[in-house]
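Undergrad: The following block contains the structure, expressed as structure tokens.
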Amino acid sequence: MPDQHHRTTTGSPPTPTLEVRELVKTFGTVRANDGISFTIMPGEVHALLGENGAGKSTLVKSLYGVHQPDSGQILRNGEPVTIHSPATARELGIGMVFQDMRLIPALTVWENVALHLSDTPFALRPRALRARITETSERYGLATHPGRKVEHLSIGEWQRVELVKVLLGGLDMLILDEPTSVLTPQEVSGLFDMVARLKSEGVAIVIITHKLREVRQIADKVTVLRGGRTILSDAPPATLSDDELITAMVGEPVAILEKRSTSAEHATAEPIIGLSGVSVRRVDGDWGLREVSLEVLPGQILGVAGVAGSGQDELSETLLGLRQPHSGTVMLDGAIVELPAVARMRKAGVIAVAPDPIRQFVVPGMSAAQHAALWNAAGSYSFDTRKADADLARRDAAGQLRVVAGSRRMDRLSGGNVQRALLTLALTSPCRVLVASYPTRGLDILTTERTRTLLKELCEAGSAVVLISEDLDELLTLSDRIAVLAGGRLTGIVPAAAADRRSIGELMTGKEAAA
Amino acid sequence: MTVRNDEALAVAPPRAIAALLGFAARIPWKRIGIVVGAYAACFVAFAAFSAWQGGNPLTLVQTMLNSSMLNGDALVQTLLRAVPIGFAALAAAIPARAGLVNVGGEGQLILGAVAATGTGLALGSQVPGPLALVATAAAGAIAGAVWAGISAAARVWLGTSESVTSLLMNFVANDIMLFLIYQPWKDPAGSGQPQSRPLPGSVRLGTLFGGQLNIAVFVLFAVAIGMWLVIRRTGWGFALRVVGGNPEAARRNGLPIKSLLLSSMLAGGALAGLGGALNLMGVEGQLQPGVTTTFGYIGFLACFLGRNDPIKATLAALLFSAIALSGNGLQLVEGLDGSIVNVLLGAIVLTMLAIGRKNGERI
Ligand SMILES: Nc1ncnc2c1ncn2[C@@H]1O[C@H](COP(=O)(O)OP(=O)(O)OP(=O)(O)O)[C@@H](O)[C@H]1O
Ligand SMILES: [Mg+2]
């Protein structure tokens, strides 16, 4: 890829696409952004780093007109601007994909796009619009199906639709809020190809991420936020070591967890949950799981790998008793259970880190303490918010995941802080089986390491952990055994000690392990 | 390592000042301004509209207040009228907690009145007074609950939208009542009018303070406060909020969603049924075609205006009741059509809809 930076550098330096000066945004007493300054140049990929709750999403929402900053200046191509609303931002050529994506599930892809476009004529012309969607999709390598309903899309395709929607409007600055935390490695590289393409067209890109590897891969500049302040502005990442970046984000260096030494001694223990020949149908009629048989053993971490939508969610829902299988049996402590049986599984000590906390865990309007009360009630009607508040503080002391105060409203927390609250509840509850789906998704580096340590400790204390993850390194580091799903089938269960990225990758494409 | 999250660290000014500042900051001044301004704008627009219709905008407010609040009789009328409206508002407010839309307040009021009529006429002269009184009111509540329960059951087991079924069932309820008062229950002494026999005195609510006021108003206030407490302080109320806020989270926490949906709607229907019965026992005295005259729908709007909060919804019901009654004054004094107040009512609801927002974030 030719470096296009210097296209405009004839004579004076180019004007920045966007410049932010001393921007402040408060919510009540929370100073989410506390004097932030940085500069984005045309054709530049600018990474925004920082811990959960550092103020990254708040900052980019101000740039996109969702929030109005309390003070500070935003300069667009050198001119001071006030961005009243997302519509103003779009007029200014700024596009954004939110951390929690904003499509309407009940509508089709093209209908969602039509709602977004300002030049959509009053009478829709579906065919023309669909053609435009297809054209843009192809141009940027974003495979989408314009006629499909959004609720049936995988999260990766959902995001591609968001991107197409934003790109169709025409822009010269694109903001991506943690786009990669929900994507598989393959999808990430697809996304980065698109970013490179836009960059070569001179579009400036702001990307929020928690992964240093991704910063190294695509960022030209990096800005680090901590506690709402800019710790580092517009620095070229090549000049900084990983430790320097981590220290800027967290304030201290972070030790990375070493690979667990696994042993097979538990293999003789009685399984807590056993699936045999379980098939599950999805809502859209396709098979979610096909003839899956596996055992969940105490004191072991069973990793589950697979490309997105290979049956991970169906597996976790079956283990949690949320779904009625189409066929096959589910055994709990050696006895067959008729599913669905959520309350029964919960009483037996089966708990979960839900794959999509915003949709499956957060109750709008309720505080963190109320969520703790709901969790502690475990299906009964006795909710004690005050006790749960104290309990949450105790759990925080044990878990050290730095959860927010119990009085904070959950639906107003940053993505990572929602995850931390969920993890604090799940990882400090006494349990027999923890089904953890993508537990480190959206977490900053420090919290990621802490979470992995807690998972390890839980297993050492004798609980069974089912770790569903798209991060192969995480699976290889933590698991005793790794089960691989492809298209709903179990293509193999391998001991983690004997596995590597390549062998797991092969199973993920659907090649069965030689039994 | 004792670092708390950065979020927990708020800037801390000295304590005494902080308390004051905190208090002042906690009052949503801007929001209050917007709401007060919106109400004022509604009144101005309404005054302009009345002027165009030939009223006098300067005496308008005076007339409206006179005929709804400023003298004892008018105030009593407002309170009495607030009973069916208020109960219908509560009937929408409780299911709304669970995310259900009960538009069936009207039908539930009607059936409450129907059941109270049947029970009151059957028991009134045979059973000792207090017992008959309670049984009559209870019959109304049960009938309302059953009527609402049908919509809820259809929703839970068949997946039909409860807002549509409860609305349609209003018309069915009205037909049932009309059938009864035209045919089997028709008062032989009613000189051909379609109406039931009057309830015997033992199942009528006695008047208080020498006027027309009866105990129903106080029952309404007590029930509103009770419901407010139930929603805030009981496990059932908490669970309803979870189901209404995020059904998937409720399911994953093992809450019994079906019985929560059903029970919220049954409770709502029972309240409307009780309201219908009390209105009949206190004011109407006999079943006749106009026994509810859209109080159910006005109650639904009051619930909306009160944001599904039992106490606020009841206060909104009082406001709507006053507005509805002020129509009489406008008709008599200003020579306007009495139904012109519906313009004000509609304006208020639409304005509140326009300035309403959910989570403080507009996108
Ligand atoms: N609408 C809101 N109301 C109140 N507080 C808010 C609101 N939005 C964000 N905050 C608070 O502002 C702070 C910064 O949040 P923000 O979402 O910007 O964090 P972030 O850096 O994006 O974190 P993450 O990595 O977890 O996504 C947090 O304390 C958050 O709780
Ligand atoms: Mg964020």
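The values are calculated or read from the model by the stated rules, or taken from the named source; none is laboratory data. No experiment lies behind these values; they were computed from the predicted model shown. FYI the Cβ positions are ideal-geometry reconstructions off the backbone, even for glycines, and counts take in every protein chain you see.
Undergrad: Does B:G37 fit the bill of being modelled with pLDDT of 80 or more and at positive phi?
TA: Working: modelled with pLDDT of 80 or more: yes; at positive phi: no.
No.
Undergrad: Looking at the stretch A:386-401, which of the residues that are assigned to a helix (DSSP H, G or I) and surrounded by 18 or more Cβ atoms within 10 Å (Cβ to Cβ) is nearest to the other protein chains (Cβ to nearest Cβ)? Break it down into steps so the answer makes sense when it comes.
TA: Taking the stretch A:386-401 as the starting set, the residues that turn out to be assigned to a helix (DSSP H, G or I) are A:386-399.
Retained after the next criterion (residues that are surrounded by 18 or more Cβ atoms within 10 Å (Cβ to Cβ)): A:388-389, A:391-392, A:395-396, A:399.
On the way: A:A388: 11, A:D389: 13, A:D391: 16, A:L392: 12, A:R395: 14, A:D396: 8, A:G399: 12 Å.
Checking each candidate, the answer is A:D396.
Undergrad: Among strands (runs of 3 or more DSSP E) lying entirely in the stretch A:1-120, which contain 3 or more residues that are crowded, with 21+ Cβ neighbours inside 10 Å and modelled with pLDDT of 90 or more?
TA: Details: elements: A:18-27, A:30-40, A:45-50, A:71-76, A:79-81, A:94-97.
Strands (runs of 3 or more DSSP E) meeting the threshold: A:18-27, A:30-40, A:45-50, A:94-97.
Undergrad: Check the stretch A:238-248 and report whether any residue there is free of Cβ contacts under 8 Å to residues at least 24 places away in the same chain, assigned to a loop (DSSP other than H, G, I, E, B) and either more than 14 Å from every other protein chain (Cβ to nearest Cβ) or closer than 17 Å to A:E22 by Cα (or both). Steps first, answer last, please.
TA: Keep residues of the stretch A:238-248 that are free of Cβ contacts under 8 Å to residues at least 24 places away in the same chain, which gives A:238-241, A:243-244, A:247.
From what is left, the residues that are assigned to a loop (DSSP other than H, G, I, E, B) are A:240-241.
Narrowing further to those that are either more than 14 Å from every other protein chain (Cβ to nearest Cβ) or closer than 17 Å to A:E22 by Cα (or both): A:240-241.
Checked against the condition, which is being free of Cβ contacts under 8 Å to residues at least 24 places away in the same chain, assigned to a loop (DSSP other than H, G, I, E, B) and either more than 14 Å from every other protein chain (Cβ to nearest Cβ) or closer than 17 Å to A:E22 by Cα (or both), the stretch A:238-248 yields at least one hit.
Undergrad: Return the residue satisfying two criteria in turn: it lies in the stretch A:169-188 and is within 16 Å of ligand 1 (Cβ to nearest atom) and of a type in the set (V, I, T), and of such residues it is nearest to A:I133 (Cα to Cα).
TA: Taking the stretch A:169-188 and keeping what is within 16 Å of ligand 1 (Cβ to nearest atom), we get A:175-183.
Next cut, of a type in the set (V, I, T) only: A:175, A:180, A:182.
On the way: A:I175: 20, A:T180: 22, A:V182: 23 Å.
Restricting to residues being within 16 Å of ligand 1 (Cβ to nearest atom) and of a type in the set (V, I, T), the top hit is A:I175.
Undergrad: If A:R290 passes every condition in (1) within 14 Å of another protein chain (Cβ to nearest Cβ); (2) part of a strand (DSSP E or B) but one, which one does it miss?
TA: (1)
Undergrad: Next question, about the same structure. Is it the case that some residue within the stretch A:145-154 is within 16 Å of ligand 2 (Cβ to nearest atom), outside any helix (DSSP H, G or I) and either within 30 Å of A:D243 (Cα to Cα) or outside the structural domain of A:A308 (by TED's automatic domain parsing) (or both)?
TA: Our first condition is that a residue be within 16 Å of ligand 2 (Cβ to nearest atom); within the stretch A:145-154, this holds for none.
No, because not a single residue in the stretch A:145-154 is within 16 Å of ligand 2 (Cβ to nearest atom), outside any helix (DSSP H, G or I) and either within 30 Å of A:D243 (Cα to Cα) or outside the structural domain of A:A308 (by TED's automatic domain parsing) (or both).
Undergrad: Oh, and also: With the structure loaded, tell me whether A:A378 is over 26 Å from A:G50 (Cα atoms), modelled with pLDDT under 90 and at the interface with another protein chain (Cβ under 10 Å from one of its Cβ atoms) or whether it fails that test.
TA: Considered against the rule, which asks whether it is over 26 Å from A:G50 (Cα atoms), modelled with pLDDT under 90 and at the interface with another protein chain (Cβ under 10 Å from one of its Cβ atoms), A:A378 comes out as yes.
Undergrad: Conditions first: (1) part of a helix (DSSP H, G or I); (2) within 19 Å of the chain's Cα centre (by Cα); (3) crowded, with 18+ Cβ neighbours inside 10 Å; (4) of a type outside the set (A, V, I, L, M, F, W, C). B:S202 passes all but one, so which condition is the exception?
TA: Only one criterion is unmet by B:S202, namely (2).
Undergrad: Show me the helices (runs of 4 or more DSSP H) found entirely inside the stretch B:237-310 where at least 3 residues are within 14 Å of chain A (Cβ to nearest Cβ) and surrounded by fewer than 22 Cβ atoms within 10 Å (Cβ to Cβ). Steps first, please.
TA: Numbers: elements: B:247-252, B:257-279, B:295-305.
Helices (runs of 4 or more DSSP H) meeting the threshold: B:247-252, B:257-279.
Undergrad: Hey, can you tell me all the residues within the stretch A:446-477 that are part of a helix (DSSP H, G or I), β-branched (V, I, T) and either away from ligand 2 (no atom under 16 Å from the Cβ) or away from chain B (no Cβ under 14 Å) (or both)?
TA: Hits for the stretch A:446-477 are A:T448, A:T451, A:T453, A:T477.
Undergrad: Within the stretch A:217-228, is even one residue away from chain B (no Cβ under 14 Å), outside any strand (DSSP E or B) and farther than 27 Å from A:G72 by Cβ?
TA: Yes, that holds for at least one residue.
Undergrad: Among the residues of the stretch A:402-420, write down those that are under 15 Å from A:L446 (Cα atoms), more than 12 Å from ligand 2 (Cβ to nearest atom) and either part of a helix (DSSP H, G or I) or more than 9 Å from chain B (Cβ to nearest Cβ) (or both).
TA: Pass one, the stretch A:402-420, residues under 15 Å from A:L446 (Cα atoms): A:402-403, A:416-417, A:419-420.
So of that shortlist, the ones also more than 12 Å from ligand 2 (Cβ to nearest atom) come out as A:402-403, A:420.
Result: A:R420, single match.
Undergrad: Counting just the residues of the stretch A:318-358 that are in contact (Cβ under 8 Å) with a residue 24 or more places away in the chain, closer than 20 Å to A:R290 by Cα and not aliphatic (A, V, I, L, M), which one comes out nearest to the other protein chains (Cβ to nearest Cβ)?
TA: That would be A:G321.
Undergrad: Could you tell me whether any residue of the stretch A:130-142 is away from ligand 1 (no atom under 16 Å from the Cβ), under 21 Å from the mean Cα position of the chain (by Cα) and outside any loop (DSSP other than H, G, I, E, B)? Outline the logic, then answer.
TA: So the first thing to find is which residues in the stretch A:130-142 are away from ligand 1 (no atom under 16 Å from the Cβ), and the list is A:130-142.
After this cut, where a residue has to be under 21 Å from the mean Cα position of the chain (by Cα) as well, the list is A:142.
Checking the rest, the ones that are also outside any loop (DSSP other than H, G, I, E, B) come to none.
No, the conditions are met nowhere in the stretch A:130-142.
Undergrad: Also: List the residue pairs whose Cβ atoms are under 8 Å apart, where the first residue sits in the stretch A:74-88 and is more than 13 Å from every other protein chain (Cβ to nearest Cβ) and of a type in the set (K, R), the second is surrounded by 16 or more Cβ atoms within 10 Å (Cβ to Cβ) and not in a strand (DSSP E or B), and the two are 6 or more positions apart or on different chains.
TA: A:R76/A:T17; A:R76/A:L92
Undergrad: Taking A:A426 as meeting all but one of (1) assigned to a loop (DSSP other than H, G, I, E, B); (2) away from ligand 1 (no atom under 14 Å from the Cβ), write down the number of the exception.
TA: (1)
Undergrad: Taking the options A:A368, A:A308, name whichever one is touching a residue at least 12 places away in the same chain (Cβ under 8 Å) and surrounded by fewer than 21 Cβ atoms within 10 Å (Cβ to Cβ).
TA: Working: A:A368 fails: surrounded by fewer than 21 Cβ atoms within 10 Å (Cβ to Cβ).
Of the residues listed, the single one that is touching a residue at least 12 places away in the same chain (Cβ under 8 Å) and surrounded by fewer than 21 Cβ atoms within 10 Å (Cβ to Cβ) is A:A308.
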